[in-house]
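Derivation of every value follows stated rules applied to the coordinates shown; laboratory data play no part. Every value quoted in this text rests on a predicted model; they were computed, and no experiment measured them. Every residue, glycine as well, gets a Cβ built from its backbone with ideal geometry; the counts of neighbours run over all protein chains shown.
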Amino acid sequence: MRQIILDTETTGLDHRQGHRIVEIAAVELSNRQLTTQHFHYYLNPERDSDEGALQVHGLTTEFLRNKPKFSEISNEFLNFIADSELVIHNAPFDVGFLNHELNLINLKTLDKYCLSIIDTLKLAKELHPGKRNNLDALCDRYNIDNSKRTLHGALLDAELLAEVYLAMTRGQESLLMDLEQFLPILNSVENLDNLNLKIIEATAQECAQHFMVLDNIARESNNKCLWNRLNAENSVENQKE
């Protein structure tokens with residue numbers, strides 16, 4: 001699978017107030033491996049940055065004056081992200097700005113050019129509820145070196161986010177590897193009915209303990225317990241029968 005880790009820097013916090021993108025960067029993951037392919041431009045936003053934004057990224061109007069405009073790099077950008085899954089931290093912010101830039105040059109919204117968009121901030125909040133989940137906090141949590149991040153920069157932040165994303169989703173990778181390990185064994189069994197397997201039913205006490213654990217998981221995960229959902233679906237199917 002091809003994934004693109006993307007980040008932007010902007011002149012301010014709200015594109016609806018006319019703020020624009022001043023830097024855009026994207027790095028490529030192919031089958032969960034960081035490649036040498038990347039996309040990076042500083043952009044002329046045709047306006048000054050707010051003082052607060054300037055303190056964050058340090059990209060002055062003078063520095064950006066001779067840089068290309070978004071319209072000049074838009075085709076290259078859309079070609080780079082085509083047929084990929086985008087991974088963005090606080091995706092609504094960046095997607096809002098990108099859609100604003102695309103709208104200014106009469107192009108479709110971002111989701112029309114990629115397969116899907118993953119918000120790593122949302123993912124981090126689900127994994128670490130109640131904790132700080134900005135990029136610096138996640139780097140600290142996953143032991144990723146962010147010492148070069150004295151100012152926000154789109155390319156460095158995209159590279160750091162790629163490492164954070166891989167760390168956050170490493171369990172999914174392990175699960176897939178485990179399944180792949182046992183697939184040959186499962187595929188070699190033509191008919192389970194011929195194995196004469198002994199079925200041991202759970203006791204009432206064991207069932208009660210099981211449901212207590214599920215209730216605890218549901219409370220801790222904001223009611224996102226997979227087993228409870230499966231039980232509910234099975235109950236509906238049984239009622240249909």
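Given a Förster distance of 45 angstrom, what is the FRET efficiency for GLU206 paired with ILE118, based on the Cβ-Cβ distance and rounded to 0.05? FRET efficiency, GLU206 to ILE118: 0.75. The modelled label-to-label distance between THR36 and ASN223, using points 7 Å beyond Cα along the C-beta direction, is 5.2 nm. Computed about the Cα centre, the dipole magnitude for the stretch 34-114 is approximately 160 debye when only Lys and Arg (+1) and Asp and Glu (-1) carry charge, each at its Cβ. The modelled label-to-label distance for the pair ARG16/THR150, using points 7 Å beyond Cα in the direction of Cβ, is 3.7 nm.
So how much slack lies between ASN79 and LEU127, counting 0.36 nm per residue of separation and subtracting their Cα-Cα distance, in nm?
So the extension gain works out to 14.0 nm.
Multiplying the residue separation of SER71 and ASN90 by 0.36 nm and removing their Cα-Cα distance gives an extension gain of 4.5 nm.
Under the combined filter of DSSP loop state and at most 16 neighbouring Cβ atoms within 10 Å, the stretch 111-175 retains these chymotrypsin sites (Phe, Trp or Tyr not before Pro): TYR142.
Based on the Cβ-Cβ distance from ASN106 to ASN143, what FRET efficiency comes out when R0 is 41 Å, to the nearest 0.05?
Efficiency for this residue pair is about 0.35.
In this simple spin-label approximation, ASN99 and GLN55 carry label points 7 Å from Cα along the Cα→Cβ vector, and these lie 3.0 nm apart.
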